[in-house]
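Here's the structure, in structure tokens; my notes come after.
The values are calculated or read from the model by the stated rules, or taken from the named source; none is laboratory data. This is a predicted model, so every value here is computed, not measured. Cβ sites come from the backbone with ideal geometry, for glycine too, and all protein chains shown count toward neighbours.
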Amino acid sequence: MIEAYVLIQTHVGEAGHIAQELRGLDGVVHAEPVTGPYDIIARAEAGDLDHLGRLVADGIQAIKGITRTLTCVIPASRR
């Protein structure tokens, strides 16, 4: 199992509804709007790195209003 935080930037004013949409994606465990340079922080999990990449590229980044993501894989020793 691979786990990661995905830091997400959105268009102004869209973080709330995008976070809600993210919560409906299979593999997204949590998604919360935050303040600072990123608008949403999501926690995701997948069976392997390839599946995580597809979740981010085909699922998260495909949501309208998301402008940029940064994926931070959680080291296995921290889980």
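Observations
- Just so you know, in the range 58-78 the residues that are under 13 Å from ALA4 (Cβ atoms) and free of Cβ contacts under 8 Å to residues at least 24 places away in the same chain include one that is surrounded by the most Cβ atoms within 10 Å (Cβ to Cβ), and it is ALA76.
- Pairs are defined by a Cβ separation below 8 Å, a sequence spacing of at least 6 or placement on different chains, a first member in the range 1-12 that is farther than 15 Å from ALA62 by Cα, and a second member that is small (Gly, Ala, Ser) and assigned to a strand (DSSP E or B); the pairs so defined are MET1/ALA46; ILE2/ALA46; GLU3/ALA44; ALA4/ALA44; TYR5/ALA42; TYR5/ALA44.
- Among the candidates GLN20, GLN9, residue that is surrounded by 14 or more Cβ atoms within 10 Å (Cβ to Cβ), modelled with pLDDT of 95 or more and within 12 Å of the chain's Cα centre (by Cα): GLN9
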